[in-house]
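J.: One structure, pasted below without further comment.
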Amino acid sequence: MPNTANCLLVANIFAPIHGGSANVYASLCRLAPKGSMAVLATRQNYDLNEPVAGWQEHDRQCGYAVERLELLRSPSLPPPANKLVSVYRRLAIDLPIAWRALRKTLDMIKRYRIGIICIGELNSMSWLGELARKLTGVRLMYYIHGEEVTTQFQAGSFGRRRDVRLRRADAIVAVSRFTRQTLIDMGLPAERIHLLENAVDTTRFCPAPASATFLERWGVQNKRVVVSIGRLIARKGFDRSIEAWPAVLERHPDAHLLIVGNGPQRPELEQLIARHGVQHAVTLTGPVSDDDLLAAYRSGEFFMMANRTLPDGDTEGFGLVFLEANACAKAVIGGRAGGAVDAIKHEETGLLIDSDAPSNIAAAVIRMLDDTALRQRLEQQGLQNALANSWTTRASEFNRLCQSLAK
């Protein structure tokens with residue numbers, strides 16, 4: 001195996017899917033030295049069981065090597081009715097997907113002269129990294145966002161093997177101080193854990209006027225729009241935000257919550273909106289284009305994602321959306337949970353709240369809508385913080401890590 005610093009990133013969630021980890025990986029690849037990164041991703045969005053919209057156009061234009069299989073892991077399916085169904089799925093679905101992933105990985109390692117494999121989803125893809133290392137001699141790195149190591153698994157599941165897999169890695173990247181400390185608390189060697197805090201592409205995410213076209217499309221041009229962006233999953237706290245909105249409307253009848261993104265929680269959120277009678281004041285946009293994503297950040301009065309830690313430990317590893325909003329000169333509100341405490345400087349770039357309680361969310365939103373001076377101060381300081389945390393710097397740090405592993 002050639003002793004090179006070229007890195008193969010394996011990721012289930014990758015651009016053009018919108019989301020924190022997808023943006024992280026795409027930024028690292030886009031800003032890496034030319035030819036040093038290759039990506040193995042999917043054509044299918046595994047948690048929505050639908051094709052990734054726009055992947056062909058993305059891959060043609062991105063400027064680095066991306067190859068895709070339909071799936072890299074088994075799709076989301078209902079629990080098997082019995083052991084026979086479980087065995088059938090293993091033989092007919094799981095093993096063929098794994099075999100195709102291994103063949104493609106080994107092929108890409110050879111063609112791109114890969115010296116390092118970086119696994120972007122520990123729980124479902126660590127087997128691939130370990131087997132590729134055993135068969136080819138590549139170095140093995142895991143990119144850890146937070147939920148992979150905070151979520152508690154049932155007995156007999158991957159949770160028992162997680163610590164063992166991590167201990168066998170050549171390097172582990174942690175995206176926040178919170179995530180790094182969690183790994184250290186698990187007993188992993190501190191010298192093998194490398195802190196690369198999430199950053200923001202300030203050439204793309206930057207201040208600009210609100211988009212009248214975007215606001216008109218969603219019928220909110222005369223509203224005080226609060227924007228939320230992210231995958232529609234429980235830890236993001238969109239359900240609690242919807243529950244808080246009736247109290248916000250009592251004080252500000254023209255307030256409108258615009259939730260941008262898609263995910264498995266959408267049916268539940270639609271039911272919550274109807275149950276609380278806020279159909280006129282809460283909108284779920286579904287997935288949007290890259291241009292509309294920027295327009296969303298820029299068109300709200302401020303940004304909010306009321307993230308929280310779930311009972312099973314699932315939590316936000318960092319919260320890149322907060323930095324992206326700051327880079328667009330928007331104040332932010334986030335949950336005092338997980339790595340969001342690293343992404344938001346309380347009372348400096350935004351507000352941190354206990355977002356388990358809808359009343360806390362409503363109070364923070366009302367405060368931000370009431371206090372123009374507060375909002376403007378947080379906007380200015382948030383923008384300066386975003387400018388100081390650019391992906392250009394982080395990509396260089398990642399490349400240096402690859403160089404050191406290759407040696």
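The values are calculated or read from the model by the stated rules, or taken from the named source; none is laboratory data. Fair warning: this is a prediction, and the values are worked out from it, not measured in the lab. Please note: Cβ atoms are built from the backbone with ideal geometry, for glycine as well, and neighbour counts cover all protein chains shown. Just so you know, the surface numbers come from the protein's heavy atoms only, side chains and all, with ligands and any DNA or RNA stripped out. Shrake-Rupley method; radii C 1.70, N 1.55, O 1.52, S 1.80 Å.
J.: Hey, could you check the stretch 195-223 for residues that are open to solvent by 60 Å² or more (accessible area, probe 1.4 Å) and in contact (Cβ under 8 Å) with a residue 24 or more places away in the chain and say which is nearest to the chain's Cα centre (by Cα)?
T.: Checking each candidate, the answer is R204.
J.: For the stretch 319-344, give me each residue that is part of a loop (DSSP other than H, G, I, E, B), open to solvent by 10 Å² or more (accessible area, probe 1.4 Å), closer than 21 Å to C206 by Cα and of a type outside the set (A, V, I, L, M).
T.: Correct list: K330 only.
J.: So which pairs qualify, if the first residue must be in the stretch 29-52 and closer than 28 Å to C402 by Cβ, the second must be among the β-branched types (V, I, T) and in a strand (DSSP E or B), the Cβ gap must be under 7 Å, and the two must be at least 6 apart or on different chains?
T.: Pairs found: C29/V39; V39/V66; L40/V10; A41/V66; V52/T42.
J.: Tell me which of these P96 doesn't satisfy, since it passes every other one: (1) assigned to a helix (DSSP H, G or I); (2) surrounded by 15 or more Cβ atoms within 10 Å (Cβ to Cβ).
T.: The one condition P96 does not meet is (2).
J.: Got a sec? Which of Y64, Y46 is modelled with pLDDT under 95 and either of a type in the set (F, W, Y) or within 21 Å of L102 (Cα to Cα) (or both)?
T.: Y46 is the lone residue from the list that is modelled with pLDDT under 95 and either of a type in the set (F, W, Y) or within 21 Å of L102 (Cα to Cα) (or both).
J.: Quick check on V10: is it within 18 Å of the chain's Cα centre (by Cα) and within 16 Å of A132 (Cβ to Cβ)? Step through it out loud before you land on a result.
T.: On the way: within 18 Å of the chain's Cα centre (by Cα): yes; within 16 Å of A132 (Cβ to Cβ): yes.
Here the answer is yes, as V10 does meet what is asked.
J.: Could you count how many residues in the stretch 238-289 are open to solvent by 10 Å² or more (accessible area, probe 1.4 Å) and assigned to a loop (DSSP other than H, G, I, E, B)?
T.: Residues in the stretch 238-289 being open to solvent by 10 Å² or more (accessible area, probe 1.4 Å) and assigned to a loop (DSSP other than H, G, I, E, B): 13 in total.
J.: Another question, then. Of all residues being closer than 18 Å to V227 by Cα and hydrophobic (A, V, I, L, M, F, W, C) in the stretch 299-318, which is surrounded by the most Cβ atoms within 10 Å (Cβ to Cβ)? Just the residue, please.
T.: Checking each candidate, the answer is M304.
J.: Just to be sure before I move on: is R103 of a type in the set (D, E, K, R), open to solvent by 40 Å² or more (accessible area, probe 1.4 Å) and either in contact with a Cys (Cβ under 7 Å, 6 or more places away or on another chain) or not in a helix (DSSP H, G or I) (or both) in the structure I sent?
T.: Considered against the rule, which asks whether it is of a type in the set (D, E, K, R), open to solvent by 40 Å² or more (accessible area, probe 1.4 Å) and either in contact with a Cys (Cβ under 7 Å, 6 or more places away or on another chain) or not in a helix (DSSP H, G or I) (or both), R103 comes out as no.
J.: Within the stretch 362-395, track down each residue that is touching a residue at least 40 places away in the same chain (Cβ under 8 Å), within 22 Å of V24 (Cα to Cα) and in a helix (DSSP H, G or I).
T.: Within the stretch 362-395, G382, L383, N385, A386, L387, W391, T392, T393, R394, A395 meet the criteria.
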